[in-house]
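Trainee: Take this structure first; my questions come after.
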Amino acid sequence: MGKQVKLKGRLRVLMQIAYILGALLVVIDAMIYTIDVRAGLILSASLVVYFLVNILIFTYNKPAIMNDMISFATQYGQVQRTLLRNLELPYALLDDQGKVVWTNQAFEDITQKEKGYKKNITTLFPALTKDKLPTESDYAEMPIVFQNSFYQAKMKKIALRPLVETGKIVSARDYEGYLVALYLFDETALKIALQENDDQSLAVGLIYLDNYEEALESIEEVRRSLLTALIERKINKYIAGVDGIAKKIEKDKYLVVLRKKAITALKEAKFDLLEDVKTVNIGNEMAVTLSIGVGLDGLSYAQNYEFARTSIDLALARGGDQAVVKTPETVSYFGGKSQQVEKNTRVKARVKAQALKEIITSKDKVIVMGHRLADVDSFGAAVGIMCIATALGRKAHIVINDITTSVRPMIDIMKQLPDYEEDMILNSEEALQAAGNNTVLVIVDVNKPSITECPELLKTCKSIVVLDHHRQGVEVIDNATLSYVEPYASSACEMVAEILQYVGEDIKIRNVEADCLYSGIMIDTNNFMSKTGVRTFEAAAFLRRNGADVTRVRKMFREDATEYKAKAEVVRIAELYKNEYAISVCPANGLASPTVVAAQAANELLNMTGIRASFVLTDYQNKIYISARSIDEVNVQIIMERMGGGGHMNIAGAQLENSNFDDAIQLLKETIETMTEEGDI
């Protein structure tokens, strides 16, 4: 044993200290001999005895000491394994593919797997895929959920090359293998505590009565106070039911304070107060509707209130009768199923007209822009704004990149007249060059910046005016100097026709301009059959008085034979989904403006009995365009919003990139199915 195993290091020095001290005594003994020989002899005899005793003790005890040391080393490794095996922290070793190599007892307890489990880690934690393992770096971590518990998974890369290089069995040349040490830290209690704290955080809400004045006017004066009391009771009872506070701040406005947890419950119930308040009826001809705006997750109470203000503005801009919840990252919409109520008063139109007049007169140039693939309503509204600018002595340009077949007849007629200059129509590049610091940009028939004809103009022009009749979505033009968005209006042309009446008495409208505006109203209302109100006909009457001719307009929009046949083909191949949704495809071959034909075909499909909504898809410019139409039973706007689009309750659309007809139709069906199950349609 002594020849096979030798001591080294500090232990060897400790065992040899007696010999080192003996050597020192020998030197001292030699010095004593120079002083006294007899004393030196006595010390020499003592040294001999000292060395003999030490040699005997060392020779006798060394094998026992070596055996004890070897036994301790063996037991120490076993102790380490036992400690790691019984470690309370769940721990596992994975290979570089994610396969489980070794687990400790705590890991087996939480995963409920036997010792020796050798499958891939994704069978236990699906989120912990191979790409989540540390490869480039030596460390990685991610949160995972397992059986209603929350864990923070921390992974450390253990290179095997140094271990292999010290071995004598395997060659380590160019070996780059590694293991992954996986630790699971239970954060369930922390998550629950944080969630409970978050649930108790403050949320601020605003509730506005959309048609307060109109509803009161529809009943006898003596019963108006009763109607107000019943509505207030509904609101207070509803908010108190979720442990909140509702305070009336004006005759038709309420401030609401709630816990965030209550907002989650209201979301799950789809803010059923919107429908519940409509049941209040004491003889009023018009049902009362609400708009709700909620702000939460802000950095302060003041920011939550600002979020609530923004939310209520969005709800009102989208037509009311809906709830909007805004956080720093998202905006959620609920409700919005009922038709918007037209306002009989024109006060707002007059105020906006005066504001527009002041803005235009303060600038040198006016640029008017609609949405991509301009339709009749977009172009007609742009012509109306150009008419206003000309009357105010300002030069105006209309931005159009691709002239569609729907607007080409009007543009051709205007270009033939000497009253209009050649640069009346500009493309995006020309418009960017023409725009300057003293230019006002007027956007019509769109409020979503990404689908405008030239989004870059929004950054170039400092003064921006928005006139639109579509509901606002999450993406809005937020730096507008003047915004006039009225979802109840039938068309942008109707809004511009109203503004024309209030800008000034000396404004002269040419026949062709009146035709353009009249055409926009006619097309967007499907020949005055949908989404028309009193103000729609009043705007049409104003245009007729200023020279709009129905016969000229009808001739202008007679269909090409190819387009007529394409529309008939769309109707022929239409599929009835759930026996109440018509879905069809419009082939783009041979059509100059397939999106226009698709929209017209969608209107035609509504003439079939039992059809609640129609959807026509067409392929144009490497995108799938969806035209959605309904009469009054289905809100196609919220369906298209789910698919990234928007529009009106009865007229909406969406654009899908990197898609084909089969995938788009499947996505549409899944969206309809999901929204039906959720009760949104």
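Trainee: Could we say that residue 584 is closer than 29 Å to residue 497 by Cβ and not aliphatic (A, V, I, L, M) here?
Mentor: Numbers: closer than 29 Å to residue 497 by Cβ: no; not aliphatic (A, V, I, L, M): yes.
Answer is no for this residue.
Trainee: Quick one: would you say residue 274 is touching a Gly at 6+ places or on another chain (Cβ under 6 Å) and assigned to a helix (DSSP H, G or I)?
Mentor: Values: touching a Gly at 6+ places or on another chain (Cβ under 6 Å): yes; assigned to a helix (DSSP H, G or I): yes.
Against the criterion (touching a Gly at 6+ places or on another chain (Cβ under 6 Å) and assigned to a helix (DSSP H, G or I)), residue 274 qualifies.
Trainee: If you scan segment 252-279, which residues turn out to be crowded, with 19+ Cβ neighbours inside 10 Å and acidic (Asp, Glu)?
Mentor: Residue satisfying the conditions is 252 alone.
Trainee: Among the residues of segment 449-487 satisfying the criterion of being touching a His at 6+ places or on another chain (Cβ under 8 Å) and in a loop (DSSP other than H, G, I, E, B), which is modelled with the lowest pLDDT? Full working, then the answer.
Mentor: Looking only at segment 449-487, we keep the residues that are touching a His at 6+ places or on another chain (Cβ under 8 Å), and these are 451-453, 469-471, 485-487.
If we keep only those that are in a loop (DSSP other than H, G, I, E, B) as well, we get 453, 469-471, 486-487.
On the way: 453: 89, 469: 84, 470: 80, 471: 73, 486: 82, 487: 78.
Across segment 449-487, the extreme among qualifying residues is 471.
Trainee: If you don't mind, there's one more thing I want to ask. Test of understanding: among 235, 282, 249, which residue is loosely packed, with under 15 Cβ neighbours inside 10 Å, at pLDDT 90 or above, of a type in the set (A, V, I, L, M) and in the same structural domain as residue 302 (by TED's automatic domain parsing)? Spell out the reasoning first.
Mentor: Values: 235 fails: loosely packed, with under 15 Cβ neighbours inside 10 Å; 282 fails: at pLDDT 90 or above.
Just one listed residue meets the conditions, 249.
Trainee: Can you name the number of the only condition in (1) surrounded by 15 or more Cβ atoms within 10 Å (Cβ to Cβ); (2) farther than 20 Å from residue 148 by Cα; (3) at pLDDT 80 or above; (4) touching a helix residue (DSSP H, G or I) at 6+ places or on another chain (Cβ under 9 Å) that residue 95 fails?
Mentor: Every condition holds for residue 95 apart from (4).
Matching residues to (1) assigned to a loop (DSSP other than H, G, I, E, B); (2) surrounded by fewer than 21 Cβ atoms within 10 Å (Cβ to Cβ); (3) outside the structural domain of residue 270 (by TED's automatic domain parsing); (4) within 22 Å of the chain's Cα centre (by Cα):
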| position | (1), (2), (3), (4) |
| --- | --- |
| 601 | no, no, yes, no |
| 627 | no, no, yes, no |
| 637 | no, no, yes, yes |
| 640 | no, no, yes, yes |
| 655 | no, yes, yes, yes |
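Trainee: Now a separate question. Tell me which of these residue 160 doesn't satisfy, since it passes every other one: (1) at pLDDT 80 or above; (2) surrounded by 14 or more Cβ atoms within 10 Å (Cβ to Cβ).
Mentor: (1)
Trainee: Another one. Any idea which of 460, 481 is hydroxyl-bearing (Ser, Thr, Tyr), without any contact (Cβ under 8 Å) to a residue 60 or more places away in the chain and assigned by TED's automatic domain parsing to the domain that holds residue 380? Full working, then the answer.
Mentor: Details: 481 fails: without any contact (Cβ under 8 Å) to a residue 60 or more places away in the chain.
Answer to the selection: 460.
Trainee: Further question on the same structure: Of the residues that make up segment 71-79, is at least one within 30 Å of residue 102 (Cβ to Cβ), within 60 Å of the chain's Cα centre (by Cα) and modelled with pLDDT of 65 or more?
Mentor: Checked against the condition, which is being within 30 Å of residue 102 (Cβ to Cβ), within 60 Å of the chain's Cα centre (by Cα) and modelled with pLDDT of 65 or more, segment 71-79 yields at least one hit.
Residues are listed down the side, and each one gets a yes or a no for (1) among the aromatic types (Phe, Trp, Tyr); (2) in contact (Cβ under 8 Å) with a residue 12 or more places away in the chain; (3) assigned to a helix (DSSP H, G or I):
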| position | (1), (2), (3) |
| --- | --- |
| 195 | no, no, yes |
| 204 | no, yes, no |
| 207 | no, yes, no |
| 219 | no, yes, no |
| 224 | no, no, yes |
| 230 | no, yes, yes |
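Trainee: Every residue in segment 527-552 that is among the β-branched types (Val, Ile, Thr), surrounded by 14 or more Cβ atoms within 10 Å (Cβ to Cβ) and at pLDDT 85 or above, please. So that I can check it myself, show each step before the final result.
Mentor: At the first step, the residues of segment 527-552 found to be among the β-branched types (Val, Ile, Thr) are 532, 534, 536, 550-551.
Checking the rest, the ones that are also surrounded by 14 or more Cβ atoms within 10 Å (Cβ to Cβ) come to 532, 536.
Once the filter is applied, which keeps residues that are among the β-branched types (Val, Ile, Thr), surrounded by 14 or more Cβ atoms within 10 Å (Cβ to Cβ) and at pLDDT 85 or above, segment 527-552 yields only 536.
Trainee: Shifting gears a bit: Can you find a residue in segment 462-480 that is more than 37 Å from the chain's Cα centre (by Cα), more than 19 Å from residue 354 (Cβ to Cβ) and of a type outside the set (A, V, I, L, M, F, W, C)?
Mentor: Taking segment 462-480 as the starting set, the residues that turn out to be more than 37 Å from the chain's Cα centre (by Cα) are none.
Within segment 462-480, none of the residues are more than 37 Å from the chain's Cα centre (by Cα), more than 19 Å from residue 354 (Cβ to Cβ) and of a type outside the set (A, V, I, L, M, F, W, C).
Trainee: Which one of these does residue 124 not meet: (1) closer than 15 Å to residue 151 by Cβ; (2) at pLDDT below 85; (3) touching a helix residue (DSSP H, G or I) at 6+ places or on another chain (Cβ under 9 Å)?
Mentor: For residue 124, the exception is condition (2).
Trainee: May I pose another question? Does residue 373 satisfy the criteria of being touching a helix residue (DSSP H, G or I) at 6+ places or on another chain (Cβ under 8 Å), part of a loop (DSSP other than H, G, I, E, B) and either of a type in the set (Gly, Ala, Ser) or touching a residue at least 24 places away in the same chain (Cβ under 8 Å) (or both)? Reasoning before the result, please.
Mentor: Values: touching a helix residue (DSSP H, G or I) at 6+ places or on another chain (Cβ under 8 Å): yes; part of a loop (DSSP other than H, G, I, E, B): yes; either of a type in the set (Gly, Ala, Ser) or touching a residue at least 24 places away in the same chain (Cβ under 8 Å) (or both): yes.
Against the criterion (touching a helix residue (DSSP H, G or I) at 6+ places or on another chain (Cβ under 8 Å), part of a loop (DSSP other than H, G, I, E, B) and either of a type in the set (Gly, Ala, Ser) or touching a residue at least 24 places away in the same chain (Cβ under 8 Å) (or both)), residue 373 qualifies.
Trainee: From the list 412, 423, pick out the single residue that is surrounded by fewer than 23 Cβ atoms within 10 Å (Cβ to Cβ) and either part of a strand (DSSP E or B) or out of contact with any strand residue (DSSP E or B) (no Cβ under 8 Å at 6 or more places or on another chain) (or both). So that I can check it myself, show each step before the final result.
Mentor: On the way: 423 fails: either part of a strand (DSSP E or B) or out of contact with any strand residue (DSSP E or B) (no Cβ under 8 Å at 6 or more places or on another chain) (or both).
412 is the lone residue from the list that is surrounded by fewer than 23 Cβ atoms within 10 Å (Cβ to Cβ) and either part of a strand (DSSP E or B) or out of contact with any strand residue (DSSP E or B) (no Cβ under 8 Å at 6 or more places or on another chain) (or both).
Trainee: Something else now. How many residues, within segment 391-402, are under 42 Å from the mean Cα position of the chain (by Cα) and either part of a helix (DSSP H, G or I) or buried (at least 18 other Cβ atoms within 10 Å of the Cβ) (or both)?
Mentor: Step one: of segment 391-402, the residues under 42 Å from the mean Cα position of the chain (by Cα) are 394-402.
Remaining after also requiring either part of a helix (DSSP H, G or I) or buried (at least 18 other Cβ atoms within 10 Å of the Cβ) (or both): 394, 396-400.
So the count comes out to 6.
Trainee: Every residue in segment 502-520 that is out of contact with any Ser or Thr (no Cβ under 8 Å at 6 or more places or on another chain), assigned to a helix (DSSP H, G or I) and surrounded by 17 or more Cβ atoms within 10 Å (Cβ to Cβ), please. Full working, then the answer.
Mentor: At the first step, the residues of segment 502-520 found to be out of contact with any Ser or Thr (no Cβ under 8 Å at 6 or more places or on another chain) are 502-519.
Okay, now just the ones that are also assigned to a helix (DSSP H, G or I), so 502-503, 511-519.
Selection gives 502, 503, 512, 513, 514, 515, 516, 517, 518, 519.
Trainee: With the condition kept exactly as written, say whether any residue in segment 523-531 is without any contact (Cβ under 8 Å) to a residue 24 or more places away in the chain, of a type outside the set (A, V, I, L, M) and either touching a Phe, Trp or Tyr at 6+ places or on another chain (Cβ under 8 Å) or part of a helix (DSSP H, G or I) (or both). Full working, then the answer.
Mentor: In the first step, residues of segment 523-531 are kept if they are without any contact (Cβ under 8 Å) to a residue 24 or more places away in the chain; the result is 527-529.
Among the residues that remain, those that are also of a type outside the set (A, V, I, L, M) are: 527-528.
Checking the rest, the ones that are also either touching a Phe, Trp or Tyr at 6+ places or on another chain (Cβ under 8 Å) or part of a helix (DSSP H, G or I) (or both) come to 528.
Checked segment 523-531: at least one residue is without any contact (Cβ under 8 Å) to a residue 24 or more places away in the chain, of a type outside the set (A, V, I, L, M) and either touching a Phe, Trp or Tyr at 6+ places or on another chain (Cβ under 8 Å) or part of a helix (DSSP H, G or I) (or both).
Trainee: Regarding residue 565, is this residue charged (D, E, K, R), at pLDDT 85 or above and part of a helix (DSSP H, G or I)?
Mentor: On the way: charged (D, E, K, R): yes; at pLDDT 85 or above: yes; part of a helix (DSSP H, G or I): yes.
For residue 565, the condition - charged (D, E, K, R), at pLDDT 85 or above and part of a helix (DSSP H, G or I) - is met.
The values are calculated or read from the model by the stated rules, or taken from the named source; none is laboratory data. This one's a predicted model, so the numbers in the text were calculated from it and none came from an experiment. Note that each Cβ is placed from the backbone with ideal geometry, even for glycine, and that neighbours are counted across all protein chains shown.
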